[in-house]
Amino acid sequence: MSDDLDALRGETADALAAAADLRAWDAVRVGTIGKSGRLTGLLKGLGAVPAEQRKERGAALNRLKAELEAAIEARRVALEAAALEARLASERMDVSLPPRPHPPGGAGEGGIHPISRTIEELTAIFGAMGFRVAEGPDIESDWLNFSALNIPDHHPARQDHDTFYLPAGADGRRPVLRTHTSPVQARTMLGQEPPIRVIVPGRTWRADHDATHSPMFHQVEGLVIDRGITLGHLKGCLIDFLRAFFGIGDLPVRFRASYFPFTEPSMEVDIGWNRKTGELGKGGDWLEILGSGMVHPRVLANCGIDAREWQGFAFGMGIERITMLKHGMPDLRPFYESDLRWLRHYAADPLAPPSLTEGV
């Protein structure tokens, strides 16, 4: 009766030795100990064995089962080790080769968003001029956002269709989502003594949305308060900034009279460009890019600064706007759509921070 068990043992050993890969090994395993395997069939037929032989036959089958399972598992381990060795040999890499370049801003590579990159560049340029960064809350009082800056009650910016108002507080006044970063200028003048030299980058909100406007956008404003400040200082500061930011050493810059409630005199600032091609610094056309002026004496008085002793200038510009001009972006909306293709194209390399000695 043990002859059939010996035959099964020998045939299984031969089949395992002949199995050259895991596919062949699995065929041997299924044919031996699978649901329809030979050993499984012998175990199922144990009930037909005479009672006096059943105990001895069952013990022999169990021993054979343990032996074959161990042999099958050992062959699997050997075949997997051989397959791994073959794969390692075929996929060997020359570690002395230089690494493949990774495009900046790829998904998962930590690319810097264009808005963040522009803020870094602004900080680097104005930092070299002695400016520090000032910050403030996004929700402001009506007084700091409007009144302290000499914006009258009838000004259009105060209307509900232009400004996001929040529910009124205990004093009956409604706070606002700041419409510009100018409230931080007021906070700075109220919180420290002159001289002052700050830039204020941050988020702002206005009820406007199209290809060039967004309900939430970013501004940067600058403020200088000192003795003897003139329009010449303002013009020199902004010309140097614009030429450094756009990387055009002879960029044409024009100042023309305008009106803002918080500055007197006020000036719009234009840069030279080609209307047909959109190229900056070329052609005979002008493009308005920011507003500026000398701080209004009433604003200084509202913030506790004596206008007879201290003078100053201020300016402000949209960060999205100058980013679009610098990189040739036609539409504002992709800045906030989280399109990975757009981000891969425009994001900055995180390992190349802006440097005034190497260009920005």
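Quick grid of which residues meet (1) under 18 Å from Trp205 (Cβ atoms); (2) outside the structural domain of Phe217 (by TED's automatic domain parsing); (3) modelled with pLDDT of 85 or more:
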{"residue": "Glu120", "(1), (2), (3)": "no, no, yes"}
{"residue": "Thr123", "(1), (2), (3)": "no, no, yes"}
{"residue": "Val133", "(1), (2), (3)": "no, no, yes"}
{"residue": "Ile139", "(1), (2), (3)": "yes, no, yes"}
{"residue": "Asp142", "(1), (2), (3)": "yes, no, yes"}
{"residue": "Leu149", "(1), (2), (3)": "yes, no, yes"}
{"residue": "Pro152", "(1), (2), (3)": "no, no, no"}
{"residue": "His155", "(1), (2), (3)": "yes, no, no"}
{"residue": "Asp160", "(1), (2), (3)": "yes, no, no"}
Odd one out for Gly110, checked against (1) outside any helix (DSSP H, G or I); (2) farther than 30 Å from Leu242 by Cβ:
(2)
Quick check: is even one residue across the range 257-271 open to solvent by less than 50 Å² (accessible area, probe 1.4 Å), outside any strand (DSSP E or B), touching a Leu at 6+ places or on another chain (Cβ under 9 Å) and farther than 19 Å from Leu144 by Cα?
no
Pairs, please: C-beta under 8 Å, at least 6 apart or cross-chain, first residue within 18 Å of Arg38 (Cβ to Cβ) and assigned by TED's automatic domain parsing to the domain that holds Ala15 and in the range 58-83, second basic (Lys, Arg) and open to solvent by 60 Å² or more (accessible area, probe 1.4 Å)?
Leu64/Arg9; Glu67/Arg9; Leu68/Arg9; Ile72/Arg29
Out of all the residues in the range 173-183, is one or more part of a loop (DSSP other than H, G, I, E, B), open to solvent by 50 Å² or more (accessible area, probe 1.4 Å), without any contact (Cβ under 8 Å) to a residue 40 or more places away in the chain and in contact with a helix residue (DSSP H, G or I) (Cβ under 6 Å, 6 or more places away or on another chain)?
yes
Would you tally the residues in the range 272-298 being buried (at least 20 other Cβ atoms within 10 Å of the Cβ) and assigned to a loop (DSSP other than H, G, I, E, B)?
1
Looking at this structure, is Arg54 among the charged types (D, E, K, R), assigned by TED's automatic domain parsing to the domain that holds Trp25, surrounded by 12 or more Cβ atoms within 10 Å (Cβ to Cβ) and under 50 Å from the mean Cα position of the chain (by Cα)?
no
Just give me the residues in the range 299-313 being in contact (Cβ under 8 Å) with a residue 60 or more places away in the chain and assigned to a helix (DSSP H, G or I), in sequence order.
Val299, Leu300, Asn302
Selection from the range 11-55 of residues of a type outside the set (A, V, I, L, M, F, W, C), in a helix (DSSP H, G or I) and either more than 22 Å from Ala74 (Cα to Cα) or touching a strand residue (DSSP E or B) at 6+ places or on another chain (Cβ under 9 Å) (or both) yields Gly41, Lys44, Gly45, Gly47, Glu52, Gln53, Arg54, Lys55
Considering only residues that are part of a strand (DSSP E or B) and open to solvent by 20 Å² or more (accessible area, probe 1.4 Å), which ones fall in the range 215-256?
Met216, Phe217, His218, Gln219, Asp226, Val253, Arg254, Phe255, Arg256
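Matching residues to (1) at pLDDT 85 or above; (2) under 30 Å from Phe335 (Cβ atoms); (3) among the polar types (S, T, N, Q):
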residue	(1), (2), (3)
Asp6	yes, no, no
Arg23	yes, no, no
Gly37	yes, no, no
Gly41	yes, no, no
Leu46	no, no, no
Glu67	yes, no, no
Ala74	yes, no, no
Arg87	yes, no, no
Ala107	no, yes, no
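The values are calculated or read from the model by the stated rules, or taken from the named source; none is laboratory data. None of the values given here were measured: they were computed from a predicted structure. For neighbour counting, all protein chains shown are included, and Cβ atoms are generated from backbone atoms with ideal geometry for every residue, glycine included. Just so you know, the surface numbers come from the protein's heavy atoms only, side chains and all, with ligands and any DNA or RNA stripped out. Shrake-Rupley method; radii C 1.70, N 1.55, O 1.52, S 1.80 Å.
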